[in-house]
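Right, one structure below, let's go through it.
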Amino acid sequence: MEDEPPMLHRLKSILRPSRPNAAKQWPHSTDLIPWFDHADAMEQLQQRHAQGRYNDEEAALLQQWITEGYVILPNQVTGKEIDAMNDEVTAVWEKETPLEGLQIEGVRRNESDPFGMSHEALLQIPLQQRLAMREEQRWRIHGFHLHSDNARAVFQNKGIQDLCSMIFDCEALPHYSINFMYGSLQELHQDTCVFHVHPRNYLIGAWLACEDVNPDSGPLVYYPGSHRTELFEAFDNYPQTNLRTCSTEDITNYYAHVEQQAARFERKQFLAKKGDVLLWHGMLIHGGSPIKQPELTRKSHVTHYIPQNMDKSTRVVGPFNWG
């Protein structure tokens, strides 16, 4: 899941070092993983194509998904829908009445303050200072679709949902939206390792460009084919064990592991046009590239898709490193 850079970095200094003691043991079997991760996925695809289940364009998309772990959907969301959502995100900082339950992450009033505050707390800050914080800090909003009809329309985009359902071969449901204003600078990671999904790999990330992406704004980077790498060995009871529940030592070792794995693959930047969407496999290595011009925005919206009843976040046990 693409996120604000310092977030996981800062977590490393505050994480609880112990592992859970009373965790359920989760079954692991190649029979449980999605069809596209099976050894015979290409054969399955060819058979389905021959049977008429997919047209030529869909078969080509699925072939790329199997081999490279991502697909790009050009001009998938209209500029009108994006502009309406962007305007509401910007207006959050100027409202007079707080949106109940809304949290602004990655923002703080003073350098000594912890990052993140409620919308109610934000509105207690004088307007001009708020606007300066909006322009100068690397903030993001989780779950804005719960507060905005326009964000909800993007979150529930039928075309994206239908494509994710076709990839899964079962209904995909949108989860956990994030709106960004700037590049994330996030370390390389795999979304599987911050979600609790079982069976494994029933997870698709969808990154929407909410403006044309400038190469100096810190574009999203990704490594085609890296979805075929093995899950980090310390996460041996996934979805119980992942970055949200592991020790500080495992956090450090995980990021070293991902860097080593990424070096085996070609690095690509997503220099998207407004309305383009990148769909990626939960195990695809990706992150935020360096920001060369800090004043440049990189407005974006991220949603993750998971089939019904496969998000197990309420069934894992703590202690938790965040959330």
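The values are calculated or read from the model by the stated rules, or taken from the named source; none is laboratory data. Values in this document were obtained by computation on a predicted structure and should not be read as measured data. Note: ideal-geometry Cβ built from the backbone for every residue, glycine included; neighbour counts use all protein chains shown. Surface accessibility is based on the protein's heavy atoms, side chains included, excluding ligands, DNA and RNA. Shrake-Rupley method; radii C 1.70, N 1.55, O 1.52, S 1.80 Å.
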Flagged pairs (Cβ under 7 angstrom, 6 or more apart or on separate chains; first in the stretch 46-75, under 19 Å from Q161 (Cβ atoms); second open to solvent by less than 70 Å² (accessible area, probe 1.4 Å) and part of a loop (DSSP other than H, G, I, E, B)) are L62/Y54; Y70/P224; Y70/L284; I72/D276; L73/D276; P74/D276; N75/G275; N75/D276
Would you mind telling me which numbered condition in (1) in a loop (DSSP other than H, G, I, E, B); (2) under 21 Å from G143 (Cα atoms) D216 fails? (2)
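Would you confirm, using the coordinates I've provided, whether A234 is within 25 Å of D37 (Cβ to Cβ), without any contact (Cβ under 8 Å) to a residue 40 or more places away in the chain and open to solvent by less than 20 Å² (accessible area, probe 1.4 Å)?
Judged against the criteria, A234 is a match.
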Give the residues of the stretch 188-200 that are part of a loop (DSSP other than H, G, I, E, B) and either open to solvent by less than 10 Å² (accessible area, probe 1.4 Å) or among the hydrophobic types (A, V, I, L, M, F, W, C) (or both), sorted by residue number. L188, Q190, F195, H196
Matching entry among I66, I141 (being out of contact with any Cys (no Cβ under 6 Å at 6 or more places or on another chain), over 15 Å from T303 (Cα atoms) and at pLDDT 95 or above): I66
Taking first residues from the stretch 201-227 that are aromatic (F, W, Y) and second residues anywhere that are modelled with pLDDT under 95, the pairs with Cβ under 8 Å that are 6 or more apart or on different chains are W207/E2
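Does F232 meet the test of being hydrophobic (A, V, I, L, M, F, W, C), over 28 Å from Y54 (Cβ atoms) and touching an Asp or Glu at 6+ places or on another chain (Cβ under 9 Å)?
The answer is yes for F232.
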Any chance L131 is more than 25 Å from Y222 (Cα to Cα) and either among the β-branched types (V, I, T) or touching a residue at least 40 places away in the same chain (Cβ under 8 Å) (or both): no
